[in-house]
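First comes the structure, then the notes that go with it.
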Amino acid sequence: MKYTEKGTLILDGRFVAQEMQKSIKKKIDDSGVVITLATVLVGDDKPSQLYVNNKHKQATASSIKSMHVNLPGNISQTELEDKIAQLGNDPSVNGILIQMPLPKGLNEDSVIEMIPTNKDVDGLKEQNLGKLIVGNDVLRPCTPLGVMKLIEYYKLETAGKKALVIGRSRLVGMPQVIMFGSKGIDCTVTLAHSRTKNLDELISESEIVVPAIGVPGIINANNVRKDSILLDVGISSDENGIHGDVDFNSVDGVAKAVTPMPGGTGPMTVASLLENTMKAAQLQGIIQI
C-alpha cells in the first residue's frame, strides 16, 4: 500500500486494475475459449476515440478479443438500432459497449435497450438495473463497480458508515447508491444532486464520499470529515490538464484514503468493463469461472 508523506492512503486504481486484468487473462487463457467485446462508436469525437482505443488495448492485454464498429455521425436511429440488433444476434459477440454520448438526435435509451441483457457489459439496461435493485446476479455499471472493487481490495470498512454520493446519473450515481446500500456493504447512503441544499454540511458528515459531478475541487479540506474515504469519479479538463472533484493536495493529511485523478477510478472502470465481458460470457454459457 502507498501512503502520502502526510499519511493518507492512496487508492491506486492503476495497480488494482492491473491485478484484476491479470486475473481475467489467466481465467480466459486457462479456459481456452474466445471471448469477444464489441464496441460501437458513432461519429468522430476525438475523446471518445481515445477512450475506445484504450479499452481495446486493455482488452487485448487481458486476452479478450476486440471488435470495433465505427458508424457515421449522421446515421439514423433505425440504422443504428439495426446494427446493434445484428451484434446482439451474433453468437461470437459476448459483450456490446456503445460509447456515450451519442450525437444529438439519437435516442440513447432506445439504443441501450437493443442490447441483449446478457451482453450489456455497461450494465445500463433497465433489466440489469432492476436486477441490481432486487439483489440478483447481474452485469453492474462499470464505474460504480470499479469503486466497489477498490473498497474490496483495500479492505475498507463500510458497514454502518455514512456514505454520500454526489450526482444521480444512470451511469454512476444511482447504481452507486444501490451498491452502497446493498446487503453485505451496509452503508447508510445519502444521494446529493444539483437541487441539494447544504451540500458542504452533508460532505462534512460523511465517512465515504463519491463525487461524480465534474466540479473541480468541490471536495476539499474545508468540507471533508477527518479520516473520510474519498473516491473521486468526477472529471473535467482545461488548459492545465485533467481535474477531479476532489482537491487531492488539499485533503492530503485530512482524509484517511483518496483516489488520485488520473489513476484512480478511471482504470478501475475499464477493468470492470473487462470483468463484465468475462461475466457476460459466463451468463451465455461460454466460460465457467
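The table for this structure:
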{"read-out": "Under the span-like rule (Cα at least 15 Å along the axis, Kyte-Doolittle mean at least 0.0), DSSP H helices of the chain", "value": "142-153, 265-283"}
{"read-out": "Per residue accessible area in Å² of region 184-270, where ligands, DNA and RNA are left out and the probe is 1.4 Å", "value": "46 Å²"}
{"read-out": "Helical contribution to [θ] at 222 nm, DSSP H n ≥ 4, -39,500 (n - 2.57), averaged over the chain, rounded to 500", "value": "-12000 deg cm²/dmol"}
{"read-out": "Convex hull per residue volume in Å³, alpha carbons only, for region 80-163", "value": "128 Å³"}
{"read-out": "Region 47-121, Rg to Rh (Cα coordinates; Rh as Kirkwood inverse mean 1/r)", "value": "0.95"}
{"read-out": "Kirkwood hydrodynamic radius of region 159-221, from inverse mean 1/r over distinct Cα pairs, in Å", "value": "11.8 Å"}
{"read-out": "Within the accessible area of the chain (1.4 Å probe), percent carbon and sulfur", "value": "49 percent"}
{"read-out": "Relative contact order, percent, region 146-289 [alpha-carbon distance under 8 Å, six or more residues apart]", "value": "20 percent"}
{"read-out": "DSSP loop trypsin sites (Lys or Arg not before Pro) with at most 13 other Cβ within 10 Å excluded, longest remaining stretch of the chain", "value": "7-103"}
{"read-out": "Debye, to nearest 20: dipole size of region 35-115, +1 on Lys, Arg Cβ, -1 on Asp, Glu Cβ", "value": "440 debye"}
{"read-out": "For mean projected area of the Cα convex hull in nm², calculated from these coordinates, the label among [x] 27.4; [y] 19.9; [z] 15.1", "value": "[z]"}
{"read-out": "Per-residue ³J(HN,Hα) for region 95-103, Karplus 6.51 cos²θ - 1.76 cosθ + 1.60, θ = phi - 60°, Hz, x for Gly and Pro", "value": "x, 10, 10, 9, 5, 9, x, 7, x"}
{"read-out": "Residue among 177, 42, 210 with the largest mean-square fluctuation in a Gaussian network model of the chain, springs linking Cα atoms under 10 Å", "value": "42"}
{"read-out": "The chain: relative contact order in percent, alpha carbon pairs under 8 Å with at least 6 residues between", "value": "23 percent"}
{"read-out": "Length gained when the stretch residue 108-residue 198 is fully extended (0.36 nm per residue, less Cα-Cα span)", "value": "29.1 nm"}
{"read-out": "Debye, to nearest 20: dipole size of the chain, +1 on Lys, Arg Cβ, -1 on Asp, Glu Cβ", "value": "580 debye"}
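The values are calculated or read from the model by the stated rules, or taken from the named source; none is laboratory data. Just so we're clear, the structure is a prediction, and the values are computed from it rather than from any experiment. Note: ideal-geometry Cβ built from the backbone for every residue, glycine included; neighbour counts use all protein chains shown. All accessible areas refer to the heavy atoms of the entire protein, side chains included, with ligands and DNA or RNA removed. Shrake-Rupley method; radii C 1.70, N 1.55, O 1.52, S 1.80 Å.
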